[in-house]
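Here the structure is laid out as structure tokens; the discussion comes afterwards.
All of the numbers you see were taken from the coordinates with simple rules; none came from a lab. Predicted model only: the values in this text are computed from it and were never measured. Every residue, glycine among them, receives a Cβ derived from its backbone with ideal geometry; neighbour counts consider all protein chains shown.
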């Protein structure tokens, strides 16, 4: 079983030779996902879930024809290249795997252990970036198999008519999947700085930028609510893995120049035990300094899920990870969430900042939120601070930190980390904003 990087490298290495022989379209690609692995983990424990993954990996390796390349690409998901095989024969191999996986089911303790696979099938076609497009198409077919009841094989027939009938969200999902498969994502960091003169370590929100094959920017926010939960969870995992790897690379610098970095968590990942297990594993393996990592999630995502997410948060807080409630003031569950979740910061919804200088109601709400936060012992961040007037007023109203283009534009994560020593040279918020703004301008963001 290859690593994802080795899988891509070996498939890419094979591609020129097969293309010269004109048999590119005779490569089949399978995207395999173990159904309801989270249920297995909850009912039987993570160790049993790992055993299921290993058993499925063994099936793939034993049943693939000669020359098959396979990789575990995360969680219970696998990519399999079947060389010299058209899409229909590849589908028959997928059906054999699906049927064989069912036989792994058994009774285990008081609850049954049910194993099944959803498999998407595509082919590598004669077009630019063939592997990435085939991977995205196979993943889409796999999602269709999930939506139609799981434990089935679905085929993606790549032709112009098929593409034209897909909704815009599906086209976007295909582009994003392709970008994810070839690491065409970039991590940015936007400064979050104090609004008062009190000294404080710099903070940053980690943002994600993705580009399509033609260089255009992909609107990742449009995936929300478009039936792309599995893809969104994959993106969250990618961010955690890449970001923690980067922090591990600069561990010594972060010990000398402390900073806090906030990662956004989607509603889909917020209730996903596998996601939080990955976070725990990465924090443990990379030995991230306590207080460096923060996760923020929207108030809407937390509402109605407190009982599920609170245990994850309390466990991770013991490892030095903090949490922030985002978009505070937009929903209706604010007080309940504050009382039930171990958050240390609330980010005030940006709609209150945009018209803060002209709207008395927005000013009153911001004062109320700032006072409420102090009652709970929480810090506050005002978003969308786009002018000095908004910054000054938010500070007078009692808000602790600000984020927005006036405070600092997003810049490349590596640049933000390299600039950390600069923040030690400044004490006043205005000086910090000047430093952040000049670096943003220099980076072209």
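For the reader, a short list of remarks on this structure follows.
- Length added when fully stretched, residue 245-residue 306, from 0.36 nm per residue minus Cα-Cα: 19.0 nm
- Protection proxy ranking for 404-411, 285-292, using the average of other Cβ atoms within 10 Å per residue and placing the highest first: 404-411, 285-292.
- Sorted peptide list for 131-138, 294-301, 246-253, criterion being average Cβ within 10 angstrom, highest first: 131-138, 294-301, 246-253
- Residue 405-residue 201 pseudo-label distance in nm [points 7 Å out on the Cα-to-Cβ vector]: 3.1 nm
- Spin-label zone in the range 58-92 - amide nitrogen under 16 Å from a point set 7 Å from the Cα of residue 99 along the C-beta vector: 60, 63-65, 89-92
- Protection proxy ranking, peptides 257-264, 306-313, average beta carbon neighbours within 10 Å, highest first: 257-264, 306-313
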